[in-house]
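S.K.: First, the structure itself, so that you have it in front of you.
The values are calculated or read from the model by the stated rules, or taken from the named source; none is laboratory data. None of the values given here were measured: they were computed from a predicted structure. Heads up, the Cβs are rebuilt from the backbone with ideal geometry, glycines too, and the neighbour counts pull from every protein chain shown. Please note that ligands, DNA and RNA were not included when accessible areas were found on the heavy atoms of the full protein model with its side chains. Shrake-Rupley method; radii C 1.70, N 1.55, O 1.52, S 1.80 Å.
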Amino acid sequence: MLLAIMTTMSDVPALTRAQARRVALVAQGFRDPRHTVPTMRTFSRTLARTAVLQIDSVNVLQRAHYMPLYSRMGPYDTDLLRRASERPPRRMVEYWAHVAAFMPVDLWPAMRHRMRRFRERGHEWSVMRHNPALVDSLLAEVAERGASTPRDLDDGLPRAKVHWGWNWSDTKKALEYLFFTGDLAIAGRNQHFERLYDLPERVIPRAVLDLPEPTDEEAHRELVRRAAVAHGVGTEACLRDYFRMRPEQSRPAVRALAESGELLPVRIEGWDRAAYLHRDAVLPRRVHARALRSPFDPVVWERSRTEHLFDFRYRIEIYVPERQRVHGYYVLPFLLGDRLVARVDLKADRKLRVLHVKGAWGETGAPEETADELAAELRTLAGWLGLDSVRVAPRGDLAKALDAAYDAPVVG
C-alpha cells in the first residue's frame, strides 16, 4: 500500500521529495510503456493522464500541444491529434481550460459555469459594448455557412466596412466572445493555425451536450478531481492552477474531496504547504523515464511546483529580449529517470532539415550518462520532426560532451 511505505510526521503521512516526484511522473504517464506505433487508444490514454494540452502558436520546434504527447508516447503520427479534435467521435475539444487548451470532450459540461460567467460579464467585452448587433449577425452567419474563420466572415455581413483591419479585429473579438460563452465551439484549425468556429451541436457529441449542467460546486469538484488525478500529489495551489480556478472555487472543492476520502492529506519534504495525494495515486520504487519537456508541459508549467519537486528553476524566456536571456528562446528541460538533469535551447530548421541545439546545460549532480542519453533523445526527436541531423552549438556547459556524442546519422 502507498501509505504504508511513507514515513510519518505528526499525524499526517509524509512523502520525501523523490517520492512525490515519482508519484507526479507516474500520474502523468511516464511509467506507461511506449508502443512501437502509437494508436488512437494510446493517444486517448495519454490525454486522460494529462487532462489538458496547452495550445500555443510558437512553432520554432513543434507547436506546444503536440509535445506532451511526444514526451509520453514517443514518435507518433500527429494526425492522431487532428482526428481526435476534428473528426467524430471527437475525443477532445478546445476551450479556455488551463489557458487555451485541448481538453477531453466530456469536460464540456464542467465548463458551462465558466461559459455562463463570461456571458454575464458580456459588458466587459468591447464588442458587446460598441457593437452587440455584430455578435448576433456573426452567430447567424456561422449557423448558415458552417465552420468559419474570422477572415471567412469578414465580407457580406450587415455592418459598415469602415476599415478592413478594424473590421476584422471586431469580428475576431465577437467570435472569441461567442467561443468563451459556449455559443460557438472550435471545429478545428486551418493551415494558417486559425480557429474554425462552429455551432456546439456540430462539434460536441450530442450525448455530451444533453448531459445536465452540474452546479457550480459540482463543476469545481470535478475540475479539482481531474487535476488531482493528473498531478498525483500537490498543494491546493497546484490543483487550483491546473484549470486556472479561483481560490474561492478550489478551496471548498479540495476540502470536500478530502472529507470524502478522495484526497488524502500529506506532507512533502521541504514544502511548508499542506499537500494532497489522490487516493488512486501510485508510488513506484523507480521511474525509468527519458524525455524532453516542452515549456508548456503540465509537469513544468507551474514553476514553483517544478522548483520544489525537481529542484529545477525554470523560466520561459520567449518574451525576454535576446540579450537578457539566460538560456535561450525555446528551452526544454530534459527528464532522465525521475530528475530534470539538463536543459537545451532547440530550433528546427525545416528548410535545411537540421535540429539546432543552440545551447545545452547540465544541472548540478546530473549523472555521467546525461550527454549520451540526451543525444539519443535528440536523435529520436529529430527523426520525428523529419529532420536529418543534429547540430550542437558551443554554448553551455554540456555542449561539448553532447556534441561528442554525435557520431552517427539520425535514423528517422
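S.K.: Conditions: (1) touching a residue at least 60 places away in the same chain (Cβ under 8 Å); (2) under 21 Å from H231 (Cβ atoms). V300 meets all but one. Number of the miss?
M.R.: (1)
S.K.: Let me ask something else. Has region 257-277 got any residue that is open to solvent by less than 50 Å² (accessible area, probe 1.4 Å), without any contact (Cβ under 8 Å) to a residue 60 or more places away in the chain, closer than 28 Å to L107 by Cα and of a type in the set (S, T, N, Q)?
M.R.: No.
S.K.: Taking region 63-84 on its own, how many of its residues are outside any helix (DSSP H, G or I) and open to solvent by 30 Å² or more (accessible area, probe 1.4 Å)?
M.R.: Kept after step one, since they are outside any helix (DSSP H, G or I), are these residues of region 63-84: 63, 74-78.
Narrowing the set further to residues that are open to solvent by 30 Å² or more (accessible area, probe 1.4 Å) leaves 63, 75, 77-78.
Selection size over region 63-84: 4.
S.K.: Still on this structure: Go through region 385-412 and report how many residues are crowded, with 19+ Cβ neighbours inside 10 Å and at pLDDT 95 or above.
M.R.: The total comes to 8.
S.K.: Could I ask something else about it? From A101, A14, which residue is touching a Lys or Arg at 6+ places or on another chain (Cβ under 8 Å), open to solvent by less than 30 Å² (accessible area, probe 1.4 Å) and either farther than 21 Å from A228 by Cα or in a strand (DSSP E or B) (or both)?
M.R.: Result of the check over A101, A14: A14.
S.K.: Given R325, R303, which one is out of contact with any strand residue (DSSP E or B) (no Cβ under 8 Å at 6 or more places or on another chain) and closer than 29 Å to V26 by Cα?
M.R.: R303
S.K.: Has region 36-55 got any residue that is touching a strand residue (DSSP E or B) at 6+ places or on another chain (Cβ under 7 Å), of a type in the set (S, T, N, Q), under 20 Å from F334 (Cβ atoms) and open to solvent by 10 Å² or more (accessible area, probe 1.4 Å)?
M.R.: yes
S.K.: I've got another one for you. For region 352-407: of the residues being in a loop (DSSP other than H, G, I, E, B) and among the hydrophobic types (A, V, I, L, M, F, W, C), which is farthest from Q62 (Cα to Cα)?
M.R.: A366
S.K.: Evaluate region 221-231: report whether one residue or more is charged (D, E, K, R) and out of contact with any helix residue (DSSP H, G or I) (no Cβ under 6 Å at 6 or more places or on another chain).
M.R.: yes
S.K.: For region 174-185, check the following and say yes or no: at least one residue is open to solvent by 40 Å² or more (accessible area, probe 1.4 Å) and within 23 Å of V127 (Cβ to Cβ).
M.R.: yes
S.K.: Residues that are modelled with pLDDT under 95 and over 25 Å from R21 (Cα atoms): which helices (runs of 4 or more DSSP H) entirely in region 158-267 hold 2 or more of them?
M.R.: Those helices (runs of 4 or more DSSP H) span 164-180.
S.K.: Another question, if that's okay. Considering only residues that are open to solvent by less than 10 Å² (accessible area, probe 1.4 Å) and of a type in the set (S, T, N, Q), look in region 278-335 and name the one that is nearest to E373 (Cα to Cα).
M.R.: Going through the qualifying residues, I end up with S294.
S.K.: For region 136-152, what are the residues that are part of a helix (DSSP H, G or I) and open to solvent by 10 Å² or more (accessible area, probe 1.4 Å)?
M.R.: Within region 136-152, D136, S137, L139, A140, E141, A143, E144, R145 qualify.
S.K.: OK, next. Can we say G365 is farther than 24 Å from R240 by Cβ and surrounded by 15 or more Cβ atoms within 10 Å (Cβ to Cβ)?
M.R.: no
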